[in-house]
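The values are calculated or read from the model by the stated rules, or taken from the named source; none is laboratory data. All figures in this text were calculated on a predicted structure; none of them were measured in a lab. Here Cβ is always computed from backbone atoms with ideal geometry, including for glycine, and neighbour counts include all displayed protein chains. Surface accessibility is based on the protein's heavy atoms, side chains included, excluding ligands, DNA and RNA. Shrake-Rupley method; radii C 1.70, N 1.55, O 1.52, S 1.80 Å.
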Amino acid sequence: MVENQGKNILNNKVVIVTGGSRGIGREIVKYLAKKGYIVILNYNKSGECARNVENYIKKEGFSVDIYKADVSSREDAENLIQYTLDKYKKIDVLVNNAGIAQSKLFTEITDEDWNNMINNNLTSAFYCTRKASKSMITQKSGLIINISSIWGITGSSMEVHYSTAKAGLIGFTKALAKELGPSNIRVNAIAPGIIDTDMNKEYSKEDIEKIKEEIPLEKIGQAQNIARCVNWLIEDDYTTGEVISINGGWYM
Ligand code: NAP
């Protein structure tokens, strides 16, 4: 078992974060590992980034467990969950964060684009959650957090497939919260606005300035804003079926 070496060990909650190698997921991993949780960082393509996160966390006196899995594949997703159960005997929190984005005219979206988008953003959450929830039901506790998007609420032009997948995550969250509530399992979604990560690297400086003008708080969000919300949801015990918007007031 990974030993957290040190400071401020909060408790031994076991947390899986999918897509923890970069961006929002990386910040969630760092935040929770430094709180003393046992964190499993899932990555797919960015092994070096995952190892950099691991080194950073070690230097801070804590630890993290890294596991490669393409969560859009049922086999890989289930292996991630089984690995965690074999090693730690339980899963307290599953953060379905892994996702991809693409900007394309609706009429140009190919079957492959559509399937990639749905598989990476929505089906991945289904695979991980179906397997993890079985053990959560047995232990009669658990928390599932799905990282949706503002576009899953409002829809975004040129991102119909992305908006569809993220809206799907919201329906998934609410329905599952109803079904799993009696087993003391909470299910919530976070819907970020625009957050400063690689996902938005296509935007020019001018694009970002224009977007800021539309946001009442006049700035784009940081991954840490999302990490703090995840931490709050872990500490809370009465919020379920919610979609928490973190978007600087861009959409209310
Ligand atoms: P990012 O910087 O592009 O990072 C995406 C992460 O997802 C990477 O760690 C990547 O891992 C992982 N990933 C993608 N497909 C995967 C798969 N099949 N299996 C395992 N890992 C996979 O994006 P981000 O901005 O942090 O986005 C994180 C989540 O927030 C996404 O669900 C995104 O839709 C959502 N979101 C982001 C924003 C924003 O403005 N940034 C706004 C709203 C919602 P590898 O590189 O290792 O493959």
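May I ask you to evaluate 6.51 cos²θ - 1.76 cosθ + 1.60, the Karplus curve with θ = phi - 60°, for each residue of the stretch 223-239 and list the ³J(HN,Hα) values in order in whole Hz, giving x for glycine and proline?
4, 5, 4, 6, 4, 5, 5, 4, 4, 5, 5, 5, 6, 6, 9, 9, 9
Between ILE100 and residues 5 or more places away or on another chain, which pairs have amide H atoms under 5 Å apart, with H built 1.01 Å from N, and which residues are they?
ASN121
Probe 1.4 Å, all protein chains in place: accessible area of PHE62 in Å², nearest 10?
Rounded to the nearest 10, that gives 10 Å².
What is the set of long-range amide H partners of VAL243 at a cut-off below 5 Å, with H atoms built 1.01 Å from backbone N?
Those qualifying (amide H under 5 Å, at least 5 residues apart or on another chain) are ALA189.
When the accessible area of the stretch 200-252 is computed with all protein chains present and a 1.4 Å probe, what percentage of it is carbon and sulfur?
48
Would you mind getting the accessible area per residue of the stretch 72-153, heavy atoms of the protein chains only, 1.4 Å probe, in Å²?
Spelled out: the 1.4 Å probe surface of the stretch 72-153, per residue, equals 45 Å².
For the pairs LYS134/LYS166; LYS178/LYS219; LYS140/LYS174; LYS45/LYS219, flag any whose C-alpha to C-alpha distance is greater than 26 Å.
Flagged as over cut-off: LYS178/LYS219; LYS45/LYS219.
Rounded to the nearest 10 Å², what accessible area does GLU112 show when all protein chains are kept and the probe is 1.4 Å?
Spelled out: GLU112, probe radius 1.4 Å, area about 130 Å².
Calculate the translational D of the stretch 82-230 in whole µm² s⁻¹ from Stokes-Einstein, where the hydrodynamic radius comes from the Kirkwood formula applied to all Cα pairs, the temperature is 10 °C and the viscosity 1.306 mPa s.
Translational D for this selection: 95 µm²/s.
In percent, how large is the relative contact order of the chain, given Cα pairs closer than 8 Å and 6 or more residues apart?
19
5 Å is the cut-off here: which amide hydrogens, built 1.01 Å from N in the peptide plane, fall below it relative to SER156, excluding neighbours closer than 5 in sequence?
For SER156, whose amide H was placed from the backbone, the distant partners under 5 Å are SER163.
Among LEU169, MET158, THR239, pick out the residue whose Cα is farthest towards the positive end of the charge dipole of the chain, where Lys and Arg carry +1 and Asp and Glu carry -1 on C-beta, about the Cα centre.
Ranked along the dipole, the leading option is THR239.
From the phi of every residue in the stretch 203-220, what ³J(HN,Hα) in whole Hz does the Karplus formula 6.51 cos²θ - 1.76 cosθ + 1.60 yield, where θ is phi - 60° and glycine or proline is x?
Couplings: 5, 7, 4, 5, 4, 5, 4, 5, 5, 4, 5, 8, 9, x, 7, 6, 8, 8 Hz.
Which percent of the accessible heavy-atom area of the stretch 71-132 goes to carbon and sulfur, probe 1.4 angstrom?
45
Quote the charge dipole size of the chain about the Cα centre in Debye, to the nearest 20; the model charges only the Cβ of Lys and Arg (+1) and of Asp and Glu (-1).
My answer is approximately 980 debye.
Could you state how much accessible area TRP250 has, in square angstrom rounded to the nearest 10, with a 1.4 Å probe and all protein chains kept in place?
Answer for TRP250: close to 50 Å² accessible.
Considering every Cα-Cα pair within the stretch 1-149, what fraction, in whole percent, is farther apart than 18 Å?
55
Take the Cα radius of gyration of the chain and divide it by 2.2 N^0.38 Å, with N its residue count; two decimals is plenty.
That works out to 0.97 for the chain.
So what is the 222 nm mean residue ellipticity for the chain from helices alone, if each DSSP H run of at least 4 adds -39500 (n - 2.57) and you divide by all residues, rounding to the nearest 500 deg cm²/dmol?
-14000 deg cm²/dmol
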